[in-house]
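Here is the structure we will look at, set down as structure tokens.
The values are calculated or read from the model by the stated rules, or taken from the named source; none is laboratory data. What you are looking at is a predicted structure, and each value in this text was computed from that prediction instead of being measured. So basically every Cβ, Gly included, is an ideal-geometry build from the backbone, and we count neighbours across all protein chains shown. The accessibility values were calculated without ligands, DNA or RNA, using every heavy atom of the protein model including side chains. Shrake-Rupley method; radii C 1.70, N 1.55, O 1.52, S 1.80 Å.
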Amino acid sequence: MKRNARAHEAELFELDRQHLRRLRRTVEGFPDERSAATVLVEGRRLVNFSSNDYLGLARHPAVAASMSAAAMRWGAGSAASHLVTGHGLEHAKLEQELAAFTGRERALLFSTGYMANLAVIAALAGRGDLVLLDRLSHASLIDAGLLSGARFRRYAHADAHAAQRALTGDATLIATDGVFSMDGDLAPLPALADIARRSDALLVVDDAHGLGVIGPSGRGTLEHFGLADEAVPVLVGTLGKAFGTFGAFVAGSAALIEWLVQKARTYIYTTALPQPVAAATRTALDLVQRESWRRERVLALTTRFRKTASAAGVPLAASGTPIQPVILGSSETTVRASRDLFESGFWVSAIRPPTVPRGTARLRVTLSASHGEEQVDALVEALSRICATSASMRAERSLAHP
Ligand SMILES: *Cc1c(COP(=O)(O)O)cnc(C)c1O
């Protein structure tokens with residue numbers, strides 16, 4: 001137990017020494033009237049290449065207006081949980097619209113994706129069951145697996161054969177990100193769905209980074225692979241990424257949703273999401289469906305980034321989504337690169353262990369429909385300069401210490 005300041009300081013010093021101390025920066029404003037992509041940090045203008053606002057909806061005036069109007073009408077807070085007196089019309093309508101969007105019988109709102117994942121796994125698996133997770137699953141799925149009390153195993157990343165080998169014969173829940181949050185690649189959902197069907201396991205997909213972005217009409221990873229509802233009975237989505245607002249939902253059969261309402265502790269024992277957030281999300285959901293140019297634009301910028309970066313010698317990962325990690329390896333190099341980018345006017349955060357495995361520290365570049373082509377090109381130029389410098393420093397170090 002670390003109960004005193006001295007112990008905290010010693011541990012913090014150790015984090016500093018290993019270049020693992022996390023740094024929080026304050027957004028002081030949005031200096032550019034026309035672009036949500038530019039932020040003011042420490043008095044400096046930066047182009048933000050680290051948000052999850054893939055479609056440029058987080059600061060959309062119509063979304064903000066819906067939030068303000070709902071706040072004037074319904075108030076800022078829900079004042080109770082959904083099952084007491086906190087469930088309102090905006091929640092009810094948003095749930096219906098999310099069910100329609102995902103093509104499921106019902107959807108259930110949660111305050112965060114973290115809580116939605118805890119709800120699903122702890123309500124559907126327990127002692128005596130097996131929970132299988134991809135090794136690179138989001139932290140909330142891992143915590144959910146631990147909380148459930150089920151036996152819990154992780155299989156090699158995106159490896160359906162490894163998932164199959166991990167089966168034990170016990171009742172099984174397989175959970176995976178649709179699009180992996182730090183890598184941008186897709187889970188092998190058709191193969192996982194096949195294994196789930198043959199072994200009578202339940203497949204849960206957390207499509208936090210797929211919904212709104214991929215699939216022919218933006219309905220996410222399931223639509224991309226053309227998977228039927230029965231193949232993935234439980235779909236988790238978050239609203240703080242492509243939708244630009246806040247919150248999350250679970251979509252599935254009416255029976256599944258009713259079970260969660262009765263059993264999910266992170267649904268029952270918490271205050272309902274504020275109605276203004278639900279109202280803003282309804283507007284965002286409408287924009288996601290009507291303005292398909294946003295999805296086309298962020299994907300076109302992704303292609304542009306990959307083409308120019310690859311020509312400029314920037315190491316790219318196998319990702320076709322707007323999440324484009326530049327894996328540099330050491331935490332020290334990555335922190336230095338992030339700082340250099342900051343000095344050059346770009347906000348690209350350094351993602352290090354334990355968020356990602358040891359030796360795979362990275363710059364996590366994310367593209368947004370709100371970026372300009374010239375901003376993407378300028379980032380690639382800066383990245384190319386920084387990657388060349390860190391490569392030559394590595395070479396010098398290995399000469400100095402052969
Ligand atoms: C962001 C994220 C979450 C958590 O969602 P919040 O609404 O931010 O709590 C869950 N799963 C994945 C894959 C995520 O990327």
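Matching residues to (1) under 27 Å from S217 (Cβ atoms); (2) at pLDDT 95 or above; (3) open to solvent by less than 10 Å² (accessible area, probe 1.4 Å):
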| position | (1), (2), (3) |
| --- | --- |
| G43 | no, no, no |
| S68 | no, yes, no |
| S78 | no, yes, no |
| H87 | no, yes, no |
| L94 | yes, yes, yes |
| F110 | yes, yes, yes |
| G113 | yes, yes, no |
* To do: Please find, within the range 195-226, the residue that is farthest from the ligand (Cβ to nearest atom) out of those that are among the small types (G, A, S) and within 16 Å of L55 (Cα to Cα).
  => S217
* Asked: Which members of the range 30-55 meet the condition of being without any contact (Cβ under 8 Å) to a residue 24 or more places away in the chain and on the phi < 0 side of the Ramachandran plot?
  -> P31, D32, E33, R34, T38, L40
* Structure fact -> By residue number, the members of the range 126-142 that are within 15 Å of the ligand (Cβ to nearest atom), of a type in the set (G, A, S) and open to solvent by 40 Å² or more (accessible area, probe 1.4 Å) are A139
* Structure fact -> Note on the range 300-335: residues touching a residue at least 24 places away in the same chain (Cβ under 8 Å), out of contact with any helix residue (DSSP H, G or I) (no Cβ under 7 Å at 6 or more places or on another chain) and farther than 23 Å from H157 by Cβ are E332, V335
* Across the range 245-299, what is the number of residues that are in a loop (DSSP other than H, G, I, E, B), over 21 Å from the mean Cα position of the chain (by Cα) and surrounded by fewer than 22 Cβ atoms within 10 Å (Cβ to Cβ)? -> 4
* Output the residue which, of all residues in the range 227-244 that are within 22 Å of E291 (Cα to Cα) and open to solvent by 20 Å² or more (accessible area, probe 1.4 Å), is nearest to the chain's Cα centre (by Cα). => K241
* To do: Scan the range 363-379 residue by residue and report those that are open to solvent by 10 Å² or more (accessible area, probe 1.4 Å), within 26 Å of G329 (Cβ to Cβ) and not in a strand (DSSP E or B).
  => D377, A378
* Asked: Of the residues that make up the range 155-172, is at least one away from the ligand (no atom under 16 Å from the Cβ), touching a Leu at 6+ places or on another chain (Cβ under 7 Å) and under 30 Å from A278 (Cα atoms)?
  -> no
* Structure fact -> Picked from the range 175-194 (must be buried (at least 21 other Cβ atoms within 10 Å of the Cβ) and more than 12 Å from the ligand (Cβ to nearest atom)), the residue farthest from R135 (Cα to Cα) is A193
* **Pair list, Cβ under 6 Å, 6 or more apart: the range 100-115 residue over 17 Å from G240 (Cβ atoms), other residue part of a helix (DSSP H, G or I) and more than 16 Å from the ligand (Cβ to nearest atom)** => E105/A254; R106/A99; R106/A254; R106/I257
* To do: Specify the residue that is most open to solvent (accessible area, probe 1.4 Å); the eligible residues are those in the range 143-154 that are within 16 Å of the ligand (Cβ to nearest atom) and out of contact with any strand residue (DSSP E or B) (no Cβ under 7 Å at 6 or more places or on another chain).
  => L147
* **Which listed residue, of R59, R34, R24, is open to solvent by 70 Å² or more (accessible area, probe 1.4 Å), assigned to a loop (DSSP other than H, G, I, E, B) and more than 20 Å from S368 (Cβ to Cβ)** => R24
* Lone unmet requirement of (1) in contact with a Pro (Cβ under 9 Å, 6 or more places away or on another chain); (2) open to solvent by 10 Å² or more (accessible area, probe 1.4 Å); (3) within 21 Å of I121 (Cα to Cα) for L203 -> (2)
